[in-house]
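Student: Mind looking over this structure? Questions follow.
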């Protein structure tokens, strides 16, 4: 493809509304600051709610133009979340010992982004489900607790998905 063809294709794609996924921003222009308080947690799994809020904050900072602030009373919008359920269950068993060799964690949460001044709901997702798998070493001498790393991966995955969903109104 020649340079001329590439430029023509580029201008054609630009003119038809084509854009790279994850780069839209459908929030009102009046939103400049967003507060992301720790999520409410209706489960017995502690620290996960703090990890989620932190991961979503980092993702907003990395991918958007918004200033993330701590005080919801000073923000233009507030992103609130609640972890509704958190389950972990074995998916693979070691045939020799009968012990779990693989575990899947599953979290279901509720999210909403509200414009503070008007109370207008900008984004609402009453049920958002995420999953992550991890392996458990069957060798006691080499056992390494992987659940913390799995929660970290899950938090990052949730953050990427939430930020894209909020920006693109999915």
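Student: Which order do peptides 102-114, 39-51, 78-90 fall in by mean Cβ count within 10 Å, highest first?
Tutor: Per-residue Cβ counts within 10 Å, averaged per peptide and sorted highest first, yield 102-114, 78-90, 39-51.
Student: Additional query: Gain in length, residue 118 to residue 148, computed as 0.36 nm per residue apart minus the alpha-carbon separation, to one decimal in nm? Mind dumping the intermediate values first?
Tutor: Values: separation 30, 0.36 × 30 = 10.80 nm, distance 3.89 nm.
Difference between extended and current length: 6.9 nm.
Student: Quick one: if you stick a label point 7 Å off each Cα along the C-beta vector at residue 97 and residue 130, how many nm between them?
Tutor: So the two model labels end up 3.0 nm from each other.
Student: Below 8 Å, C-alpha to C-alpha, sequence gap of six or more: please give me the relative contact order for the range 18-107 in percent.
Tutor: Numbers: 129 pairs, mean separation 27.6, N = 90.
That works out to 31 percent.
Student: Largest first and in whole Å, what are the equivalent-ellipsoid semi-axes of the range 30-78 based on the Cα gyration tensor, each being the root of 5 times an eigenvalue?
Tutor: 22, 13, 6
Each value in this text was obtained by applying a stated rule to the coordinates, not by laboratory testing. Please read all numbers here as calculations on a predicted model, not as lab measurements. Cβ: placed from backbone, ideal geometry, glycine included. Neighbour counts: every protein chain shown.
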